[in-house]
Every structure is written in structure tokens, then in C-alpha cells.
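J.: One structure, as C-alpha cells, below. Some questions next.
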Amino acid sequence: MHFSELTTLDDLAKIYPQHILERFPIAGKGPFNDMDDQQWNSWTWQQKARLTNLEGLAKVIDLTDEITNDFNDCDQLFNMAITPYYANLMDRSDPNCPIRLQGIPKKEELTVLDTDMEDPLAEERDMPVPGVTHRYPDRVLFYITHNCPVYCRHCTRKRKVADPTTTAASKQIDVGLEYISSNPQIRDVIISGGDPLSLNNKRLDYILGRLRQIPHIEVIRLGTRNLVTLPQRIDDEFLTVLQKHQPIHINTHFNHPKEMTRETLFAASKIAHSGATMGNQTVLLKGVNDDPAVMKELCHKLLLMRIRPYYIFQCDQSKGISHFRTPIQTGIKIIESLRGHTSGLAVPHYVIDAPGGGGKIPISPEYIVDEQEDKVVLRNFQREQYTYYLPKKD
Ligand SMILES: *Cc1c(COP(=O)(O)O)cnc(C)c1O
Ligand code: SF4
């Protein structure tokens, strides 16, 4: 099936059986029911209609004094912006709703620990030219915008995301492309931001086209949360652009099964039918997904969407997000609960992005119980022990 044959949610029944569709409830329009479908499905309308104040929030949740005060205290520091689509996923009355925790300001954001940093991953230090972080020899992060449909309260790049004064100008993008093209050791470009899908299809076509003309570039990845916060963004014009510049890998950012609606399944299916592959990066967030059962459901649903779980990130030491951080043990327990207990395909790598710019370091439960000259003793997912004899040294 060509992606353009998927025009309404009903078309998904041509691809998936009913019992799979039922795992992805239709989000619909909720309190925005007076919008006509054409408007609702327009990503530019969703962008323009983002909720940015208390009046907007009151459409989707019951305001309390606490919410009002927290909003007034925090909004200046890191703007609130939530697409109507994503806002409608919020629980009207439950302050612990995972969607609310990710989108609505809380006074805890004002707490700054001694160990918090503006730029914990030293992304600015490892910038040979503005807008490119070059840390690993063969791959770079390439920032092309600072805008996102929803500003996640846990964003690790709060220092620049949502700040219009730091938006990458066209000139900066060209400087980045020049850098990439004049460094033949770079074979992998991760287009990031902000959210690169904030740019229009024509700009993306230009950037992807320029990258594809560079003979040493093999892998192009697009890191985007639009699939989660604005699935309407995945329009046919964008998919035509994707198809022009294959191979492309899309990296999404789902954090909770509640974000996985029929609408997101629709967008992911269209991407799958365009031929791009998809992976997911989750941030381990206290109160949102720091629970093995939640993570397992998330990873299972990702596979149903043809998205491979790729990373679980330990939450970074960025300023104002310490209330989201968990002990390392929480992440280890999650991996322990997955490995062996479910499809290997559903098990992501749990990593800490090393503070100071050391790169991603994998953290794993310990499976080696004892190591001797001639053998190692291992334990499996059920904690039974097995001995592996090493080859004789010659
Ligand atoms: C995460 C990251 C990459 C990509 O790392 P992979 O492990 O290849 O996904 C590249 N550069 C920087 C600076 C990064 O933070
Ligand atoms: S989409 Fe990504 S870059 Fe944008 S606010 Fe969320 S975490 Fe930050």
C-alpha cells in the first residue's frame, strides 16, 4: 500500500486487524469539537492554536490555585506551548496524568541544584561551527530549529529551545552543511533541534537534498517528537520528501502509552509505508514512566507501530528538571524486567549521556556472577546460574 492511500483513520482497518486497532484509542477533538476536520488536521493550524496561557489550559483541565500559581511563576522561565491535539490527551482532573506532567509548568522547575548545569552534555563546547555538535568521529548532531509543537517540561535543551532569539537562521544551516560536507569522516547526520519538523517541507527538502549530495554521508536521521505531539504534521508532502532522500531513519520520542493513539498509529503507518525506518528514544521520568509495567506496555505498543525501541535515557542534569530524575537503579530494574521476559526487539538500551560531554554510556543489569581464568559464571533472567568454559589459551 502506498502512503497516499491512507487518508482517514478508517483506512487503518485495511492494514491491521481489529484487536490491534483497539490498542490505540481514537483521541478525537474533545473540547475542540467545534473545529472542522480540515482545520483540526492542518498542522499549521495546530501550531497556531497552541495553548500558551491559563485561558487555553482551562479548556482541557480543571484549573486550581496551585496550577495557576505554578504557571505564573514558571512561564517566563520556559514558555508553555501545547498543541490542541496533545492537550486533549490530558486528564481533566488528575494532576498526575503523564501528559499533564510533560506539558504543564510546575513550581519544581524553579529548583536549581548545585549539580545542575545549563548545558550538561557540553553540546555548545563541542561545536566546531554554530549548530553542529561533533563529538563522535563519524557522526554529528545538526540543529536546524529551536521550535517544537509542545515544549516538554523535561527538555534537556531548555537553555535554547523555545527561545526565538536563538532560532537557526538559513545562513547558519548553510554553514553547518558546509562543515559536514568538508569533513569526510562524518558518515551519519542526526538532524535535531528543537524539532526539525517545525520547518516546512520545502526547507526540509532543501536540507535533506544537500546532505544526500555529500558522498561520505550514509545515514541521515531525523529526531522528531511531532509524531507524538502533532501527528497531523506527517502529511503526504513530507512523506514525498522523505522518499526522495532515502535511506532515512526517524527517531521519535514517546514516553508513555497514553501518547499512543489511533492518530499516532496512523502517522507511524504512513511513515512505515514511505519506507523510512523508525526508532524511539524515551526519557526516564519520575511519575511518568519510572515503572516496569508502563515501560513494557510502551515498548510493546511501539513494536505494534513498527517503531523499534532504541534508547531509554537517564534524565540529564539540566537546570530545573531535577524533579523528573530517578535513581539509576530504577532504569536497571526496568531493563531487568524486560530482558528475557519479552521480545528482544522490545528491549531498548538504557544509557546515561555523560555529564561534561562524554557521550552515551550504556548501563545494564549485571549478568556475570563470577569470572575465572577458565570460565565465567552467568545468571539468566530468572536468576539461574550457568557456566561458560572459555577456550584454552594457546
Ligand atoms: C546521541 C548523540 C549522537 C548519536 O549517538 P548514537 O549512539 O549513534 O545514536 C551523536 N552525537 C551526539 C553529540 C549525541 O549526543
Ligand atoms: S520536543 Fe525535544 S527539543 Fe522540543 S521541547 Fe520536547 S524534548 Fe525539548
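J.: Could you check the simple spin-label distance between residue 390 and residue 117, using points 7 Å along Cα→Cβ, in nm with one decimal?
T.: Label at residue 390, label at residue 117, 3.6 nm between them.
J.: Between 305, 127, 278, which gets the highest mean-square fluctuation from a Gaussian network model of the chain, Cα cutoff 10 Å?
T.: Evaluated over the chain, the most mobile residue of the options is 127.
J.: Kindly work out what percent of the DSSP beta bridges joining two residues of the chain are antiparallel, to the nearest 5.
T.: 40 percent
J.: Between residue 363 and residue 10, what's the calculated FRET efficiency when r is the beta-carbon distance and R0 is 35 Å? Round to 0.05.
T.: Between residue 363 and residue 10 the formula returns 0.20.
J.: I need the calculated FRET efficiency for the pair residue 69 and residue 34, taking r as the beta carbon distance and R₀ as 30 Å, to the nearest 0.05.
T.: Working from the Cβ atoms, E equals 0.50.
J.: OK, next. FRET efficiency for residue 18 and residue 235, Cβ-Cβ distance as r, R0 = 25 Å, nearest 0.05?
T.: 0.40
J.: Based on Cβ point charges of +1 for Lys and Arg and -1 for Asp and Glu, what charge dipole magnitude is obtained for segment 260-341 about its Cα centre, in debye rounded to the nearest 20?
T.: For segment 260-341, the charge dipole is close to 140 debye.
J.: With helices defined as uninterrupted DSSP H runs, which ones in the chain have an alpha carbon span along their own long axis of at least 27 Å and mean Kyte-Doolittle hydropathy of at least -1.0?
T.: Both cut-offs are met by no helix.
J.: Another question about this same structure. Could you compute how fast the chain diffuses translationally, taking Rh as the Kirkwood radius over C-alpha pairs and applying Stokes-Einstein at 4 °C with viscosity 1.567 mPa s? Give it in µm² per second.
T.: In µm²/s, the coefficient is 58.
J.: Still on this structure, please answer the following. For the chain, what does the relative contact order come out to in percent, with C-alpha contacts under 8 Å and a separation of six or more?
T.: Reported relative contact order: 16 percent.
J.: For segment 132-362, what is the percent of antiparallel DSSP beta bridges, rounded to the nearest 5?
T.: 20 percent
J.: Considering only protein heavy atoms and a 1.4 Å probe, what is the carbon-and-sulfur percentage of the accessible area of segment 132-362?
T.: Of all accessible area on segment 132-362, carbon and sulfur atoms account for 55 percent.
J.: Sticking with this one: Quick check: residue separation of residue 218 and residue 372 times 0.36 nm, minus the Cα distance between them. What number comes out in nm?
T.: The residue 218-residue 372 span can extend by a further 51.2 nm.
J.: Have a look at 25, 137, 196 and tell me which one the Gaussian network model of the chain (Cα, springs below 10 Å) gives the largest fluctuation.
T.: Comparing 25, 137, 196 in the GNM, the peak value goes to 137.
J.: Over segment 132-362, how many pairs of lysines fall under 17 Å by alpha carbon, counting only those 8 or more apart in sequence or from different chains?
T.: 13
J.: Among residues other than residue 289 whose Cβ falls under 12 Å from its Cβ, what is the net charge (Lys/Arg +1, Asp/Glu -1)?
T.: -1
J.: Using a probe radius of 1.4 Å on heavy atoms only, what accessible surface per residue do you get for the chain? Whole Å² is fine.
T.: Heavy-atom accessible area per residue stands at 45 Å².
J.: May I pose another question? Which length gain, in nm to one decimal place, applies between residue 308 and residue 96 when the Cα-Cα distance is subtracted from 0.36 nm times their residue separation?
T.: Fully extending the segment from residue 308 to residue 96 adds 73.6 nm.
The values are calculated or read from the model by the stated rules, or taken from the named source; none is laboratory data. Predicted, not measured: the structure shown is a model, and the values here were computed from it. We place every Cβ from the backbone using ideal geometry, glycine too, and count neighbours over all the protein chains shown. Note: areas computed on protein heavy atoms with side chains; ligands, DNA, RNA excluded. Shrake-Rupley method; radii C 1.70, N 1.55, O 1.52, S 1.80 Å.
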